[in-house]
1. Simple spin-label model, 7 Å along Cα-to-Cβ: residue 21 to residue 41 in nm?
2. What's the ranking of 28-38, 174-184 by average number of surrounding C-beta atoms within 10 Å, highest first?
3. Can you give me the distance in nm between label points at residue 9 and residue 53, each placed 7 Å from the Cα along the Cα-to-Cβ direction?
4. Give me the net charge for the shell around residue 38: Cβ to Cβ below 9 angstrom, other residues only, Lys and Arg +1, Asp and Glu -1.
5. Longer than 24 Å from Cα to Cα, which of 53/151; 2/70; 57/101 are they? Say none if no pair is.
6. Among 143, 59, 76, whose Cα lies farthest out toward the positive end of the dipole of segment 32-157, if unit charges sit on the beta carbon of Lys, Arg (+1) and Asp, Glu (-1)?
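Taken together, the values in this text are just the output of simple stated rules run on the coordinates, not laboratory data. Being a predicted model, the structure only gives us computed values, none of them experimental. Because the Cβ atoms are built from the backbone with ideal geometry, glycine has one as well, and the counts that use them run over all protein chains shown.
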Amino acid sequence: MKISASFLSSSNIPMDLKRLNQTDVDFIHVDIMDGKFVPNKTMPFSEMKNIYKYTDKRLDVHLMVDNPEKYIPLYAELNTEYITFHVEVMDKVEENLELIKSYGIKCGLSIKPGTPVKSLVPYLPLLDLILVMSVEPGRGGQSFIDGTEKKIREVRELISVYHSKALINVDGGIDDITKNSCQECDILTSGSYIIQSDNFQERIDSLR
Ligand code: DX5
Ligand code: ZN
């Protein structure tokens, strides 16, 4: 199982990114919020940009924003493996997936807990990643939503029926207990369980 670490609930991002650099975590999960798609807002790119210098890990960028096209060119400049935005934005979904690909970066779509998996169908041939939200997007430290296991199974089924190459990433409330509901995933994104610990590597090992 691959692990992506979210630093959304970090109180000292440079320090925590340096600590994550000492672990074998696969990706750094970057949560971007615009105050529109979700109520909270993250720091502007101009401020965040310097912070990514503290990590050598590949970035897994999660755009919780209304206008992904504003952010894609910025994050495409960094050491980025995936850029994912939400299928619920509805507008220009295909264009934005193509925009991500035009930078040679893998593209993903995320679905909120209440969004049916069939909304992904039109985009499946383009997708490298499906990010299943196991909490309502917008903040760290929430509890894993119970119906997620069923949702993951539905996504896995969709991938198989449509012969999609997409990997499944699950995000929100992941710890050593809830990971048991995510065995059909390829990547687990975990924030507070890793960051609010004295031993990052031990927590990462417990998720694999
Ligand atoms: C929620 C974010 C998640 C979150 C994960 O909106 O997309 O990436 O930071 O953090 P935990 O693991 O604390 O739920
Ligand atoms: Zn996220």
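1. 3.0
2. Packing order, densest peptide first, comes out as 28-38, 174-184.
3. Those two pseudo-labels are separated by 3.0 nm.
4. Values: positive: 36, 41, 139; negative: 34, 136.
Residues close to residue 38 contribute a combined charge of +1.
5. Over 24 Å apart, Cα to Cα: 53/151; 2/70.
6. Farthest towards the positive end: 143.
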